[in-house]
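Taken together, the values in this text are just the output of simple stated rules run on the coordinates, not laboratory data. What you see is a predicted model, and the numbers here were worked out from it, not measured in a lab. Cβ placement follows ideal geometry from the backbone for every residue including glycine, while neighbour counts extend to all protein chains displayed.
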Amino acid sequence: MSELAAPWWSKAVVYQIYPRSFADADGDGIGDLRGIINHLDHVAGLGADVIWLSPIYRSPQDDNGYDISDYQDIDPLFGTLTDFDEMLAGAHERGLRLIMDLVVNHTSDEHPWFVESRDPASAKRDWYIWRPARAGFQPGTPGAEPTNWGSFFGGSAWQFDEASGEYYLHLFSRKQPDLNWENPEVRAAVFAMMNWWVDRGVDGFRMDVINLISKTYPLADGVVAPGQPFSFEIDRVANGPRLVEFLEEMNHAVGLTDKQLFTVGEMVSCDVEHARAYTSQHHDRLGMVFTFEHVSLDQGPGGKLDVAPLHLPDLKKNLARWQKGLYGEGWNSLYFENHDQPRSVSRFGDDSVTHRVASAKALATVLHLHQGTPFVYQGQEIGMTNAGFTSLEQYADIEALGQFRQAVAAGADPDALLAGLAKMSRDNARTPMPWTPEGGFSEATPWLPLNPTTPTINVATDAADPHGVSGYYRSLIRLRHELPVVQLGSFDLLLPDDERLWVFTRTLGEEKLLVVANMTSSLASVPMAELPDIEDARLLLTNLSTGQDLQTLQPWEARVYALSS
Ligand code: TEU
């Protein structure tokens, strides 16, 4: 991609806010828009360019707002449209753009569209995916579901509706019925809603599970894996035959490309080839996608709660494949964390007192020096760790509870499941943002317990520390803003099979960077002969400032060199 053609987000870093857990200004234990307004300086101070807000629309909060009952209003938990306008203006004044979470694979079952759709005679019946019982079965009896699909949150993907004797499809909770995108009225309604937000001043959208909007018809049974109650053949519902058409139609209806709006499509089961097509600069589709590939490498055959050790070469090579695969054609998003993933310092780093800060910075270094748009999830910038929950009662997430229930019913060991949740559950990322040693999130009891590490891991303590994690993020973000080679340089992975070191170069014309990081908690020796010559290199950034030569790296030591070429 030439520099001229590069979009504005090639220089940008996104900061994700999960509003429920960010800051509570009205004292009900739940974060809100006023809380965000009060902390915009924190985000601007990091140097971030864009805020992505997880959903704040009206919602019964079955899935913390990813179940929307009114797309054009703010949930009273979070505030009002007036608060929203103030927040947006506050962001813009600080040079921050703001993107909304667009959740349009499904609505809430309390959305008026779905309420109307429950009536088989209504004009909205076909706005959702209704099906009769399986042939030969009594509706509502075991096995009568139209297909054998499981939902992401446990249980069947079909909900029986007594009143009409039919089932509706919900790939997520039963309170999240899937919209029928085959119906042009549905598409028109979604695009009109998006335009309403664009007219209000928002700068783009993060699109929730957007590659599920085109399903493969006719809907048919999938293979059930041994030991599983349902089929999870994701490709029956992902990347369907009309996806590209729908994305282009949306792009044109909302002017996504014309207005240079920021778009990132969250995509389950999305490989490099899909992403290349969806983000191609030669088409009007999406700016970038979120893949799940690299966050599935530590999963065993039993799924998310079957945690397998991560093999570092797998992670390095996976990211490298995406770097090569999209270069010059599409665009990468770069993330280790979000509201659905555990904390990266606990997952890929070392969250012990000794190594937490260095490993948080090492992870940040490698991620931010790849090509693409980096995403920082609230709390990641201070090296927050997993929640440390030990009993089921501590969890609030519908996914954690649903998957636990389903696995126990299928005969799994509850203790093993709890261990899996402690490592992987989404609630790990959802503990309230610790602003001060006392918490500083809310005056009331927060909706989810504070992380027990709050007295030591919090924004104030980190900011006061000259070696804090957030200061290091600021340096990384500055590097991206200042150096075209960080924005646009090509990527080459060195020592791909090395199990301790993560080493790569970035090259743009005469500019070349070398990144070397020790991704372990022990000393690591660097095979200098296999690296470019660093004799005349300039050390641009390091997380440890040991003053030693590169030959032996301290635990989690990371360095960025500018090579003269
Ligand atoms: O997540 C998509 C999704 O597939 C999740 O189920 C994800 O795979 C899982 O949480 C990882 O463990 C999006 C949102 O990010 C998530 O918060 C929502 O719950 C989900 O869609 C439904 O809207």
Of the convex hull drawn through the C-alpha atoms of the chain, the volume per residue in Å³ is 144 Å³
Residue span Asp70 to Arg478: 0.36 nm per residue of separation minus Cα-Cα distance leaves a gain in nm of 143.0 nm
When the charge dipole of the chain is computed with +1 on Lys and Arg Cβ and -1 on Asp and Glu Cβ about the Cα centre, the Cα farthest towards its positive end, among Ala135, Thr80, Val289, belongs to Val289
Heads up, the range 462-547 by the C-alpha gyration tensor (a ≥ b ≥ c square roots of eigenvalues; a/c under 1.5 rounded, else a/b over b/c prolate, else oblate) looks oblate
Pseudo-spin-label distance Asn183 to Glu443, built 7 Å along Cα→Cβ, given in nm, is 4.6 nm
Length-normalised contact order of the range 7-114, Cα under 8 Å, at least 6 apart, in percent, tallies to 27 percent
With -39,500 (n - 2.57) per DSSP H segment of 4 or more residues and division by the full residue count of the chain, the 222 nm estimate, nearest 500 deg cm²/dmol, is -7500 deg cm²/dmol
Surrounding charge for Leu417, neighbours by C-beta under 15 angstrom, Lys/Arg +1, Asp/Glu -1, total -3
For the range 386-519, the dipole about the Cα centre with charges only on Cβ (Lys and Arg +1, Asp and Glu -1), to the nearest 20 debye, works out at 240 debye
One finds, for Arg131 and Glu530 with R0 = 51 angstrom and r their Cβ-Cβ distance, a FRET efficiency to the nearest 0.05 of 0.30
In degrees rounded to 10, the 0-90 angle between helix 81-93 Cα long axis and the longest Cα principal axis of the chain is 20 degrees
Once Lys and Arg are counted +1 and Asp and Glu -1 for all other residues with Cβ under 9 Å from that of Gly379, the total becomes -1
As a percent rounded to 5, the proportion of antiparallel DSSP bridges among beta bridges in the chain is 60 percent
Under the 7 Å Cα-to-Cβ spin-label approximation, Glu86 and Asp41 lie apart by a distance in nanometres of 1.7 nm
Checked against the positive end of the charge dipole of the chain (+1 on Cβ of Lys and Arg, -1 on Cβ of Asp and Glu, about the Cα centre), the farthest of Gln551, Cys270, Thr107 is Gln551
Measuring from its Cα centre, the range 20-147 shows a charge dipole (+1 at each Lys and Arg Cβ, -1 at each Asp and Glu Cβ) which, in debye to the nearest 20, is 600 debye
In this structure, among Lys11/Lys512; Lys259/Lys317; Lys175/Lys304; Lys124/Lys175; Lys361/Lys423; Lys316/Lys423, pairs with alpha-carbon gaps over 24 Å are Lys259/Lys317
Two pseudo-spin positions, 7 Å from Cα along C-beta at Asp549 and at Leu297, lie apart in nanometres by 3.1 nm
Taking a ≥ b ≥ c as the square roots of the Cα gyration tensor eigenvalues, with a/c under 1.5 meaning rounded and otherwise prolate when a/b beats b/c or oblate if not, the range 378-497 comes out oblate
Checking the range 462-513 for GluC sites (Glu not before Pro) in a loop per DSSP with at most 16 other beta-carbon atoms within 10 Å yields Glu499, Glu510
So, relative contact order of the range 54-134 in percent, Cα under 8 Å, 6 or more apart, is 24 percent
By the Cα gyration tensor axes a ≥ b ≥ c (a/c under 1.5 gives rounded; else a/b larger than b/c gives prolate, otherwise oblate), the shape of the range 1-108 is oblate
Helix 398-409: inclination vs the chain longest Cα principal axis, degrees, rounded to 10, gives 70 degrees
Given unit charges at Cβ for Lys, Arg (+) and Asp, Glu (-), the dipole magnitude of the range 418-479 about its Cα centre in debye, nearest 20, is 320 debye
Here the relative contact order (percent) of the chain, from C-alpha pairs under 8 Å and at least 6 apart, is 13 percent
